[in-house]
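Just below is one structure, and these are the notes that go with it.
The values are calculated or read from the model by the stated rules, or taken from the named source; none is laboratory data. All figures in this text were calculated on a predicted structure; none of them were measured in a lab. Cβ coordinates were reconstructed from backbone atoms using ideal geometry, including for glycine residues, and neighbour counts include every protein chain displayed. Heavy atoms of the whole protein, side chains included, go into the accessibility calculation; ligands, DNA and RNA do not. Shrake-Rupley method; radii C 1.70, N 1.55, O 1.52, S 1.80 Å.
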Amino acid sequence: MSELPEAGPWHRRDTDAIPTRYRHANPEPLDGDFVGDRGRVFGLAVRTGILTVLTLGIYRFWMKTRLRRFYWSAVRFGGVPAEYLGDPLEKLLGFLFAVVILAFYIGVVNLVLMFLSFSLFQDNFAAYLLSFVGVVPLWFYARYRARRYVLARTRWRGIRFGLEPGAWGYAWRAIGYWFLTIISAGLLWPLMTFQLEKYRTNRTWYGDCQLTQEGRWTLLFPALRHVLLAVLIAVGSVFVGLNGTPLAFGVTALCVPWFAYGLAYYRAKSFERLTNGKRAGDVVFLSKPRPMRVFGIYGFGLALSGFVASFFLVPLGLALVAVLGAMLGFEDEAAMSFDLMTSGSLTVIGILSYFTFFLSWAALTHTFVTLPLWAHFTETLTVVDPGSLEAIRQRPRDEFDEAEGFAEALDVGAGI
Amino acid sequence: MSGIIPTVPHEALRGVYFDAQSAVAQDVRLVVDSGAQQLVLRGEAVDVAWRFEDIRLVPDQAGQGGLVLRSASDPEARLLTAHRELAEAFPARRRRVIGVERGRIACWALAAVASVALIVFVLVPTMANQLARFIPPEGEKALGDATLTQIRGALGDNSQSGIRLCTGHEGTKAFAALATKLSANVALPVPVTVTVLDHRMVNAFALPGGHIVFMRGLLEAADRPEEVAAVFAHEMGHVASRDPTRHALRSAGSIGVLGLLFGDFAGGALVLFLTEQLIEAQYSQGAESDADVFAYEVLAEAGIPPSALGSMFERFKATSGAAKGITAHFLSHPSLAERIEAARAATPEGFVAKPILSDAQWSALKAICGPSR
Ligand SMILES: [Zn+2]
């Protein structure tokens, strides 16, 4: 990031999201750096994954903690690593707490819904629908709570981050903006991205310094252009193709990877513009991720992980075929000799192959998707003006016993 | 990388200290005091001594170029240094710093297990029992239809609509005659619908809404029409007490809870499957013997000795003793011998038996799934 020594950081940005009033005369930028390497994250993911399987899932709280410690410590600004201080036992505690609440909800509410649905509509569709709708606000609630927990356990230069309470406010807003996004056929997606990010950012603290999100949602609109163009041209080409020009379907096929690129582009560009519009007091940031690189990481990483992990499904498939074959032939007396030994070892092969598939998928996506993405977003981010960073003081610890229990129980993918 | 961790000659050990009060990075000199067994940190506004035995490595660090250290005596402060060789001096460097009290975890774990058990084994069954009494007949019928579709789908491996129904014309008529004779003097909450599934399993079961389902295997294994009638009467007992309805409502409530507990990672799916099997298992012993008692009366009314139920149990036990995969709920019951005995005892002295089906009807019933194979 130092190829323009004379120009100063302001010439490197291509956005005016950072208001000029925060410019300092001679800021000394803190460059982002990522020091984690693939081999170590692969090893860590495999080891903790095996322990998770062996403990029937209990170790997953330790797995998550250790992986986060690793990722956080790999992120450095001005050479100082971040630190993750979550405690696995506190996660287990929060999970148990959430299980108690949710078990009641899922057990009793689902039962009543099933009863009402069959009594009133002679069908269970209404029950499934209502049961799903009932979980949606809880899902966003859990996401916000998980973020609060993770920020409260993150430190940099010894100072904690924090997120103010406000999970229900977040849940209702998220539902509202999702609704707008859906009825506008995705056109208002940037509105949702921006408003939700603003809600979270404006409640985020670094020590005693509150962060703010500046700018307007229309700032993100250009980030959507590849998605929109790909969809429009795909629809147009299908229309032309149906009207007697089959060649146009070739264009439709090309729109699929273009759309995928559009998603990566949106991810990179929206991150860039939102980050450049953030401020912590007089501390400002500059992010310049490359959409093509993000697309490449996703495309290559997911394809490679899927390809390699699927090898481990082959034994499972063979075992299934063998068991099915034996079951179909069961009516013949001869097939009764399909004894317990064979079926037992086939079951073991099947289970092992199922586990190794999940393990290798998780470890490979860490190695080839998550880690490179983190590295790219960190390395292209600079604290362009540390401002009065040194004047920031510590904030009190957010005890937050529940940790990310709800997110864990509802399986809300809260990053890693 | 613009490292804040300086690399300087060995004699002057340097580091960066964060006191966890302010974000200032304080440059410190490190003095290894082997005599007092402590590490002294000195900087412009820092004068701290950490005992060797208190010093810990912050675990799972990605950076391998230096050390991130903390002290058990001051768990918040951090020292960053490039001198990796220092670590050798700290004997307890890999010990962890305890954050959460173990006692509270144990309490929560117990509370969670207890309340989940309470929900799955007490609250949900109790509510299911109550609700089963209030579900209107159409609703119950729909529940049964849905369950039957599920079962057909699960048993039929690859066909679109699931396993085939047996609808042989004469056989259906014979079954109807059997049903009419048996239910002549019985008041059931819902009318009975008989279904025969084309499957080799020796089994029969009742579903919500008055469905009584026979598998082809049971009809083939039966020797006399009285044995089929005995099974039928037993299932009528389940219909009368609405056992299947309660069962279906209960599993609707408890399956989700178990999915929640075990999470979705690799282990989850399998553990979930096994636990569901356990919960699904059987009706209670009480429900089974109630259905038996109900069957004695129905059979006696129809002129069949109640001991037919007992002989059926015995026969099925004998014919299927070797074969695995036969999971008729009659056979897996622990007190089968008692039930056989009870069926004998329920037959009065000098009982006069009447044939329930003619020979022609009986062979039509056995061939309901088409020519025997
Ligand atoms: Zn029974």
Selection from the stretch B:201-218 of residues away from the ligand (no atom under 12 Å from the Cβ) and either modelled with pLDDT of 85 or more or within 14 Å of another protein chain (Cβ to nearest Cβ) (or both) yields B:Met201, B:Val202, B:Leu207, B:Pro208, B:Gly209, B:Gly210, B:His211, B:Val213, B:Phe214, B:Met215, B:Arg216, B:Gly217
When the stretch B:166-189 is checked residue by residue, the ones that are crowded, with 18+ Cβ neighbours inside 10 Å and either touching a strand residue (DSSP E or B) at 6+ places or on another chain (Cβ under 9 Å) or not hydroxyl-bearing (Ser, Thr, Tyr) (or both) are B:Cys166, B:Gly168, B:Gly171, B:Ala174, B:Phe175, B:Leu178, B:Ala179, B:Lys181, B:Leu182
Reported set for the stretch A:44-55 where residues are surrounded by fewer than 16 Cβ atoms within 10 Å (Cβ to Cβ) and more than 11 Å from A:Arg66 (Cβ to Cβ) is A:Leu54, A:Thr55
Among the residues of the stretch B:124-144, are any open to solvent by less than 10 Å² (accessible area, probe 1.4 Å) and under 30 Å from A:Asp401 (Cα atoms)? yes
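From A:Phe140, A:Phe132, which residue is farther than 19 Å from B:Pro59 by Cβ and at pLDDT below 80? Spell out how you get there, then give the answer.
Details: A:Phe140 fails: at pLDDT below 80.
After applying the criteria, what remains is A:Phe132.
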Picking from B:His199, B:His211, the residue that is open to solvent by less than 30 Å² (accessible area, probe 1.4 Å), within 23 Å of B:Glu288 (Cβ to Cβ) and touching a residue at least 60 places away in the same chain (Cβ under 8 Å) would be B:His211
Expected output for the stretch B:221-241 (first residue assigned to a helix (DSSP H, G or I), partner more than 11 Å from the ligand (Cβ to nearest atom) and open to solvent by 30 Å² or more (accessible area, probe 1.4 Å), Cβ below 6 Å, 6+ apart or cross-chain) is B:Ala221/B:Thr319; B:Pro225/B:Trp362; B:Val239/B:Leu188; B:Ala240/B:Leu188
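Within the stretch B:230-240, how many residues turn out to be within 10 Å of the ligand (Cβ to nearest atom) and over 13 Å from B:Tyr296 (Cβ atoms)?
Looking only at the stretch B:230-240, we keep the residues that are within 10 Å of the ligand (Cβ to nearest atom), and these are B:231, B:234-235, B:237-238.
Filter again for over 13 Å from B:Tyr296 (Cβ atoms), leaving B:231, B:235, B:238.
So the answer is 3.
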For this session: With the condition kept exactly as written, say whether any residue in the stretch B:53-64 is in contact (Cβ under 8 Å) with a residue 24 or more places away in the chain and among the basic types (Lys, Arg).
Result: yes
Of (1) more than 25 Å from the chain's Cα centre (by Cα); (2) more than 10 Å from chain A (Cβ to nearest Cβ); (3) modelled with pLDDT under 85, B:Phe134 fails just (2)
Inside the stretch A:161-178, the number of residues satisfying the requirement of being open to solvent by less than 10 Å² (accessible area, probe 1.4 Å) and outside any helix (DSSP H, G or I) is 2
Is it the case that some residue within the stretch B:244-266 is within 16 Å of the ligand (Cβ to nearest atom) and either modelled with pLDDT of 85 or more or among the acidic types (Asp, Glu) (or both)?
no
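Looking at B:Ala128, B:Ala117, B:Ala106, which one is at the interface with another protein chain (Cβ under 7 Å from one of its Cβ atoms), in a helix (DSSP H, G or I) and not basic (Lys, Arg)?
On the way: B:Ala117 fails: at the interface with another protein chain (Cβ under 7 Å from one of its Cβ atoms); B:Ala106 fails: at the interface with another protein chain (Cβ under 7 Å from one of its Cβ atoms).
Of B:Ala128, B:Ala117, B:Ala106, the one residue that is at the interface with another protein chain (Cβ under 7 Å from one of its Cβ atoms), in a helix (DSSP H, G or I) and not basic (Lys, Arg) is B:Ala128.
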For B:Asp198, the lone unmet condition from (1) touching a Lys or Arg at 6+ places or on another chain (Cβ under 9 Å); (2) within 11 Å of chain A (Cβ to nearest Cβ) is (2)
